[in-house]
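Here's the structure we're looking at; comments come further down.
Derivation of every value follows stated rules applied to the coordinates shown; laboratory data play no part. Keep in mind the model is a prediction, meaning the values are calculated, not measured. No Cβ is skipped: glycine too gets one built from the backbone with ideal geometry, and neighbour counts run over all protein chains shown.
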Amino acid sequence: MDIQNVKRREFLKRLGMGAAAMALPRALRGAEAGPRRRPNVVVLLTDDQRGDTIAALGNPHIQTPNLDALVNRGFTFRQAYCQGGYSGAVCLPARQMILRGRSWLAPRFREQWQEQNFPKTMNEAGYATFFLGKAGNNDTPVLKVFESENFDNRKGEGVVPGKEMADGVIAYLQEWKKQRDAGAAQPFFMHLAPPHPHDPRVAPKEFLDRYDVAKMPLPPNYLPFHPFDNGELLVRDERLLPWPRTEDAVRRELRDYYADITCLDAQIGRIFQALKDVGEFDNTIFVFTGDQGVAIGSHGLMGKQNLYEDSMKVPVIFAGPGVPQGKASDALAYHFDIYPTICELTGAKAPAQIDGKSLLAVMQGKAEGVRDAVLLGYKEFQRAVRRGQWKLIRYPQVNKTQLFDLQADPREIKDLAGAPAHAEKVKELMALMAAEQKRFGDTLPLEVANPRPAEVNLDFFSRQPQGEKPKAAKAKQKKGGGNP
């Protein structure tokens with residue numbers, strides 16, 4: 001990739017505007033030795049990365065040495081969520097929520113999102129803003145907010161996951177260093193969004209060879225079929241494998257998925273090294289997260305068009321100046337909390353009208369959490385609420401409710417909704433869900449007049465397309481086709 005793709009002249013012009021003369025934010029006072037400089041910020045946003053795909057966070061089957069190092073030198077929110085979305089391409093609202101700090105359920109979310117946003121706030125605070133990667137299904141207006149950008153949505157055969165991203169960052173830092181050495185550089189805000197580990201997954205052989213398909217463990221909640229109609233059994237992601245999802249097929253998909261993540265991790269390591277090479281690694285706040293997760297065999301599903309933990313829980317890791325090292329919290333969080341948290345860490349002023357809440361007090365040990373519940377949603381088909389160990393999922397179109405005790409059953413295997421002993425808990429969480437809906441402005445009714453049957457039979461599945469073959473997926477990508 002050529003740095004000219006980031007509008008070189010405009011980039012250099014804005015990069016050299018001069019450092020902002022602002023006081024160091026309170027969170028950073030005493031955090032750095034030597035001259036006090038405002039920290040840079042790097043947000044790493046991956047595509048379809050589940051919250052349980054980092055070795056240091058408890059997955060012994062995956063290799064992520066660079067993300068492990070980030071966990072060990074940072075602060076992890078273990079109960080962080082994507083709130084869902086209005087589209088089968090969940091990545092689109094997910095990415096917009098991160099950039100806006102707002103819920104997709106907020107009034108006029110899709111129309112007003114550019115009126116206040118993360119890069120605009122950081123630019124106004126004296127940061128040079130740079131974007132590289134996937135904005136969200138060719139959503140080019142996102143890119144216009146950044147001062148310099150490079151759109152890269154390439155996936156498929158011949159693409160090394162994360163390499164274009166790392167190459168672009170290295171080129172950017174080389175130019176930025178020249179300005180810094182001349183005394184004219186602003187601190188930078190990088191938003192990096194590689195389109196990986198989204199399918200089609202074609203990690204180089206050296207990474208595929210690290211995983212033996214036969215030894216890949218199946219998810220504890222693996223099923224060959226989803227047990228009922230969740231409203232989206234025909235969506236694109238659910239056509240990637242035929243029904244039933246066989247154990248061998250799921251193992252192959254997981255091998256490819258893990259290899260993609262390990263390859264991406266290696267490229268993240270290149271970014272870390274590039275920052276060290278220009279002397280900015282220790283003066284950079286890192287945030288790592290994913291847009292949302294993905295099922296890959298969990299609950300008999302393949303995609304992210306559902307509200308199970310596998311699809312909605314995401315990694316959220318902060319590291320760098322002002323962030324405690326090697327710590328973690330079970331405080332409930334959304335990934336749209338990243339925006340106000342970075343604002344507080346850097347001294348930028350977050351807009352008043354956002355739904356995200358700064359997590360800094362939790363990181364500093366001054367608060368146990370910033371909310372007592374989270375509300376999740378997917379189109380008109382599904383809503384979920386979690387408080388403490390309890391999670392309830394509601395499917396209004398088929399009059400179906402699920403209740404899970406996440407402390408005893410973190411993989412959501414045993415549905416307790418029909419147990420008489422838990423009738424009051426269901427009632428309590430339904431009321432909480434309605435209250436959270438009202439707070440966010442969500443008007444979806446939790447009951448409908450004529451619900452359709454929830455049951456699906458084997459004939460239903462046998463009549464569905466038999467999955468998109470890898471070669472077809474690669475050819476589609478080479479022709480420029482996008483994926484949700």
Checklist entry - If packing is taken as the mean number of other Cβ atoms within 10 Å per residue, what is the order of 233-239, 85-91, highest first? => result 85-91, 233-239
Item to check | Those aspartates and glutamates that a straight Cα-Cα span of less than 17 Å connects to K391, excepting residues fewer than 8 apart in one chain | outcome: E309, D310, D330, D372, D405, D409, E412, D415, E424, E428, E436
Next on the checklist: Quick one: 3J(HN,Hα) in Hz for region 122-128, Karplus 6.51/-1.76/1.60 with θ = phi - 60°, rounded, Gly and Pro as x.
Outcome noted: 5, 5, 5, 8, x, 9, 7
Item to check | Ranked by how many other beta carbons lie within 10 Å on average, peptides 335-342, 49-56 from highest | outcome: 335-342, 49-56
Checklist outcome for this item: Within the under-9-Å Cβ sphere about S358, not counting S358, Lys/Arg +1 and Asp/Glu -1 give a net charge of -1
Checklist outcome for this item: Simple spin-label estimate for E380/D330, 7 Å along Cα→Cβ, in nm, reads 3.8 nm
Item to check | Cα shape, region 380-453, gyration tensor, a/c 1.5 rule | outcome: oblate
Checklist outcome for this item: Going fewest to most other Cβ atoms within 10 Å around each Cβ, E280, E428 line up as E428, E280
